[in-house]
1. Name the residue that is nearest to E25 (Cα to Cα), counting only residues in segment 212-243 that are more than 15 Å from the chain's Cα centre (by Cα) and within 11 Å of the ligand (Cβ to nearest atom).
2. Of the numbered conditions (1) in a loop (DSSP other than H, G, I, E, B); (2) under 25 Å from D120 (Cα atoms), S201 fails exactly one; give the number of that condition.
3. Being crowded, with 20+ Cβ neighbours inside 10 Å, more than 9 Å from the ligand (Cβ to nearest atom) and assigned to a loop (DSSP other than H, G, I, E, B), is that true of even one residue in segment 186-194?
4. Checking E33 against (1) within 24 Å of A171 (Cβ to Cβ); (2) among the charged types (D, E, K, R); (3) modelled with pLDDT under 95, only one condition comes out false. Which one?
5. Please work out which residue is surrounded by the fewest Cβ atoms within 10 Å (Cβ to Cβ), limiting yourself to segment 78-101 and to residues that are at positive phi and not polar (S, T, N, Q).
6. Of the residues that make up segment 36-58, is at least one aliphatic (A, V, I, L, M) and more than 19 Å from G240 (Cβ to Cβ)?
7. In segment 114-139, how many residues are under 19 Å from I196 (Cα atoms), more than 16 Å from the ligand (Cβ to nearest atom) and more than 17 Å from the chain's Cα centre (by Cα)?
8. Please name all residue pairs, on different chains or six or more residues apart, with Cβ atoms under 7 Å, provided the first residue is in segment 238-250 and is in contact (Cβ under 8 Å) with a residue 60 or more places away in the chain and under 17 Å from K4 (Cα atoms) and the second residue is of a type in the set (D, E, K, R) and more than 6 Å from the ligand (Cβ to nearest atom).
Amino acid sequence: MRQKIVAGNWKMNLTKEEAQSLTSEIVGMNNDELGTNQKEVKLIICPSFIHISTIKSLFKSSKNIYLGAQNVASQEKGAYTGEISAAMLSSYQVEYVIIGHSERRQYFKESNQEIAQKIDLIFANKMLPIFCCGETLELREEGNHVEFIKNQISESLFHLSASEFEKVIVAYEPIWAIGTGKTASSEQAQEIHAEIRKHISSKYGKEIADKTPILYGGSCKPSNAKEIFACPDVDGGLIGGAALKSRDFVEIAKSF
Ligand code: PEP
């Protein structure tokens with residue numbers, strides 16, 4: 001059985017006090033309330049860099065909750081003002097890093113090659129990537145979306161060894177569904193997740209492809225999570241807006 005994962009991407013939201021209270025609400029729930037007991041769901045919280053230390057101090061080791069960052073520098077260290085290195089994140093016990101989010105690709109012009117460099121630094125510092133891919137509406141309407149997504153994956157991930165690749169989490173996030181209230185239908189999600197798995201299989205073989213968690217992201221909320229998570233190739237969600245309310249986030253985690 002593949003690992004089920006629900007990751008919350010808080011983006012550039014929440015003050016220190018707000019981040020503390022949201023974390024306290026989540027870690028204050030028992031495993032039954034969190035839904036992490038019976039179905040073995042892993043929860044990952046990805047606050048902004050500045051809250052990482054505060055959030056980590058509120059975690060309790062008994063819970064299936066892990067800490068992630070939303071980005072990392074593509075250089076190891078040095079004169080890159082304002083950047084945060086993989087070694088710095090690792091020294092704060094960060095375990096996961098979201099990489100290649102469409103907002104990073106769009107607003108900060110991150111290329112597949114730069115994302116590949118970041119992935120190497122994540123592995124070198126003993127963290128694990130949550131790799132995002134996904135198409136614009138225009139690409140989907142042109143019918144080029146599957147090739148586009150496969151290319152994102154090949155160019156950023158296919159240099160990895162099999163033993164590295166089997167630690168990767170993939171998140172399919174159609175850009176037209178992020179923060180827009182428009183969700184991919186469960187058929188659309190399943191179709192692309194199956195294509196992604198097939199593509200992984202063509203490079204790393206069926207065994208690794210069958211083990212790779214592929215999350216869906218894009219306006220996922222309590223009212224649609226059940227239907228999306230019921231798809232055979234959907235292994236959870238990368239959640240933006242709905243991760244900012246403990247009740248919604250936890251409700252989504254219980255939707256398997
Ligand atoms: C995201 O940005 O990763 C995301 C899925 O956002 P939202 O859930 O708000 O669409």
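1. Checking each candidate, the answer is K221.
2. With respect to (1) in a loop (DSSP other than H, G, I, E, B); (2) under 25 Å from D120 (Cα atoms), S201 is out only on (1).
3. For segment 186-194, residues crowded, with 20+ Cβ neighbours inside 10 Å, more than 9 Å from the ligand (Cβ to nearest atom) and assigned to a loop (DSSP other than H, G, I, E, B): absent.
4. Single failed check for E33: (1).
5. Ranking the qualifying residues of segment 78-101, first place goes to G82.
6. Within segment 36-58, one or more residues are aliphatic (A, V, I, L, M) and more than 19 Å from G240 (Cβ to Cβ).
7. 1
8. V250/E33
The values are calculated or read from the model by the stated rules, or taken from the named source; none is laboratory data. What you see is a predicted model, and the numbers here were worked out from it, not measured in a lab. Virtual Cβ from ideal backbone geometry, glycine too; neighbours counted across all protein chains shown.
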